[in-house]
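The values are calculated or read from the model by the stated rules, or taken from the named source; none is laboratory data. Keep in mind it's a predicted model, so treat the numbers as computed, not measured. Heads up, the Cβs are rebuilt from the backbone with ideal geometry, glycines too, and the neighbour counts pull from every protein chain shown. Note: areas computed on protein heavy atoms with side chains; ligands, DNA, RNA excluded. Shrake-Rupley method; radii C 1.70, N 1.55, O 1.52, S 1.80 Å.
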Amino acid sequence: MSQSQYSEWWRRSTVYQVYPKSFKDTTGNGTGDIKGLIEKLDYLQNLGIDIVWLQPVYVSPQHDNGYDVADYENINPDFGTMEDFDELVKELHRREMKLMIDIVVNHTSTEHEWFKQSISSKDNPYRDYYIWKDPAPDGGFPNNWQSKFGGPAWQFDEGSGRYYLTLYDKTQADLNWENEKVRRAVNDMMLFWAKKGVDGFRMDVINLISKDQRFPNDDGSVPPADGRKYYTDGPRVHEYIKAMHEEVFGPFEMVTVGEMSSTTLEHCIRYSSPEEREFSMTFNFHHLKVDYPNGQKWELMPYDFEAMKRLFTHWQTGMQKGGGWNALFFNNHDQPRALSRFTDDKVYRVESAKLLATTLHGLQGTPYVYQGEEIGMPNPVWNSIDEFRDIESLNMYRILCEQGKSPEAALSILQERSRDNSRTPMQWDDSRNAGFTTGTPWLKVDERYSDINVQKELENPASIFHHYRKLITLRKEYGVFTEGVFKRLDDGHPEVFAYARTGDGEALVVVSNFSSKEITFRFEDSHWTELLPSGRDELLIGNTTDTPALTQELQLSPYASYMWLIR
Ligand SMILES: O=P(O)(O)OC[C@H]1O[C@H](O[C@H]2O[C@H](CO)[C@@H](O)[C@H](O)[C@H]2O)[C@H](O)[C@@H](O)[C@@H]1O
């Protein structure tokens, strides 16, 4: 990729992800709302955010917290009104910030009018908007595909004696993208939002929209044997995305990010290379599966640090060579908090949060900050299954118990894995309910809110918030964050992740100790002579009170992390 191709504004931007249900409630109904987000825009501007990604606020029965859309062009009253939405766009633009909204079109809610029509009769004009199949000859499911939320991926309709496909919850019916009318309707819906002034889209599990039309049984040759190899990065997916670009993303100069489930580097290069005219960038999840034994999310193991570093290296190097662009993230609304998962959220909480931030923000790509990450919110402590709200967690708890796990064992798995870990309300201050709501919060507030909250973070210049703020500023200041070529420098060190980003006349070096031990780290001679002391070094940011110079041998305190600039 030539240097000029790095010129798009969103490559130097930072995105903030808002889970609206848990951000800020202004009505006292216990659920966050659009007005609450507007109230906090100055806070996000102060952090240095360029783009706000607002998760689904459309009309929805909320079985999957908005990822089950019943009406794509209206706002769910719990979140506010269309006037509130227009006000949000205006207020963001007044601050020179952009808005990215979530587009969920692999599936709709079964309460969507299209589905209601589709299920009403075999000859309804909307019948073919969804994927209907006859039972297998033995009367069972059409094939052995499994839902990502547990159980078979097919739901039986008594009325017609046929099954419809649901890769997620049984109330989320997969759209039939082979139907040209579906593609037309989705583009029209996206044009509706583009014309409203929305600047970008985050496309939910968009690489699952094209299914292998043979709908074969999964023979189990590639685990997990749940059918994903027949619909992930499927046969026509690039064709469909190119058509969206042609008609919507391109003409409106949008910034777009595709959420790519269980994808490959090769596909992500295609999805995000400018010349392919598909998306601006992609999310992949491989680095967040390094604590899944044999790919099993609902089993526990300590995370594999070396695998994580290998995966970052693979994606950094591969996307760079292939001309693709990564969306960088450790946290989102589907993941437990990285702080609790990969570092120490108790003794070294502050150091750990800063270490994760520095390590991620030094990489090539566009960084995403998920609400609460910038103040070091850890996983909450869960005391009972009754505290959970997430449909996937509740399904899996039932399945784990049916498989013979004790309720205590199942609960301890949810403690580590549940998506609710990252969905607890935002902690604004030390008042009741952390200042999130005056009512009863829809999901419990973490008990540690009087210590961990925005107000405290803003007051302390050495806080996690101010660390993020500085990283976001540095990215805008130095071109090497955008352009620098990645090289891993730790040579398999069991505790340290070290890398360089080498650009035009300047280089970044990042060294992070992912352990609670005091350690000595020494760069191998080859790295040191070839790459490192090629000029004057300056410590750009660190998470200790020390300001070490870059030397071949470094003493690193627990969870110490430093970033130097060499020029
Ligand atoms: O783990 P992967 O197979 O790589 O998939 C990535 C994520 O996909 C799903 O997330 C998104 O779609 C869901 C259905 O619309 C929605 O519930 C979720 O909130 C979306 O972000 C999956 O649910 C996640 O667990 C995966 O991480």
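Summary of computed values
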{"quantity": "Relative contact order (%) - criterion: Cα under 8 Å, at least six apart; region: the chain", "calculated": "13"}
{"quantity": "For the range 158-170, Karplus couplings with θ = phi - 60° (6.51, -1.76, 1.60), whole Hz, Gly/Pro x", "calculated": "4, x, 9, x, 10, 9, 10, 7, 9, 6, 10, 6, 5"}
{"quantity": "Euclidean distance of C-alpha centroids, the range 195-266 and the range 85-117, integer Å", "calculated": "18"}
{"quantity": "Heavy-atom accessible area ranking, 1.4 Å probe, most first, across 50, 386, 546", "calculated": "386, 546, 50"}
{"quantity": "Cα→Cβ-extended label distance, 7 Å offset, between residue 73 and residue 242, nm", "calculated": "2.9"}
{"quantity": "Two-decimal log10 I(q)/I(0) for the chain, as the Debye equation yields it once each C-alpha is a single scatterer, q = 0.05, 0.10, 0.11 Å⁻¹", "calculated": "-0.20, -0.85, -1.05"}
{"quantity": "For the range 107-174: rounded, prolate or oblate by the Cα gyration tensor [a/c cutoff 1.5]", "calculated": "oblate"}
{"quantity": "Solvent-accessible area, 1.4 Å probe, carbon plus sulfur percent, for the chain", "calculated": "48"}
{"quantity": "Low-density loop positions, trypsin sites (Lys or Arg not before Pro), the range 489-566 - DSSP coil, at most 13 other Cβ in 10 Å", "calculated": "517, 536"}
{"quantity": "The range 44-109: GluC sites (Glu not before Pro) falling in loop per DSSP and having at most 11 other Cβ within 10 Å", "calculated": "96"}
{"quantity": "Solvent-accessible heavy-atom area per residue, rounded to whole Å², over the chain at 1.4 Å", "calculated": "37"}
{"quantity": "Phi to ³J(HN,Hα) by Karplus 6.51 cos²θ - 1.76 cosθ + 1.60 over the range 475-486, Hz, x for Gly, Pro", "calculated": "4, 7, 7, 10, x, 5, 4, 7, 9, x, 7, 7"}
{"quantity": "Sites residue 432 and residue 276 - FRET efficiency at Förster radius 41 Å, r taken between beta-carbons, to 0.05", "calculated": "0.20"}
{"quantity": "Separation between Cα centres of the range 11-74 and the range 138-188, rounded to whole Å", "calculated": "28"}
{"quantity": "The range 1-104: Rg to Rh, with Rh as the Kirkwood radius over Cα pairs", "calculated": "1.03"}
{"quantity": "Surrounding net charge for residue 392, when Lys and Arg each add one and Asp and Glu each subtract one, Cβ distance under 13 Å", "calculated": "+2"}
{"quantity": "Cα-based shape type of the range 341-395, given that a ≥ b ≥ c are square roots of the gyration tensor eigenvalues and the cut on a/c is 1.5", "calculated": "oblate"}
{"quantity": "P(r) of the range 82-133 over all Cα-Cα pairs, binned every 5 Å from zero, in whole percent", "calculated": "5, 17, 18, 12, 9, 10, 11, 10, 6, 3, 0"}
{"quantity": "The range 429-567: equivalent-ellipsoid semi-axes (sqrt of 5 x gyration tensor eigenvalues, Cα, Å)", "calculated": "36, 18, 13"}
{"quantity": "Too-long pairs where the Cα-Cα distance tops 29 Å, listed order kept, from 170/297; 229/444; 24/354", "calculated": "229/444"}
{"quantity": "Residue-span extension gain [residue 381 to residue 519] - 0.36 nm each, minus C-alpha spacing", "calculated": "46.6 nm"}
{"quantity": "Bridge type composition, the chain - antiparallel percent by DSSP, nearest 5", "calculated": "60"}
{"quantity": "Calculated over the range 400-475: convex hull of Cα atoms, volume per residue (Å³)", "calculated": "136"}
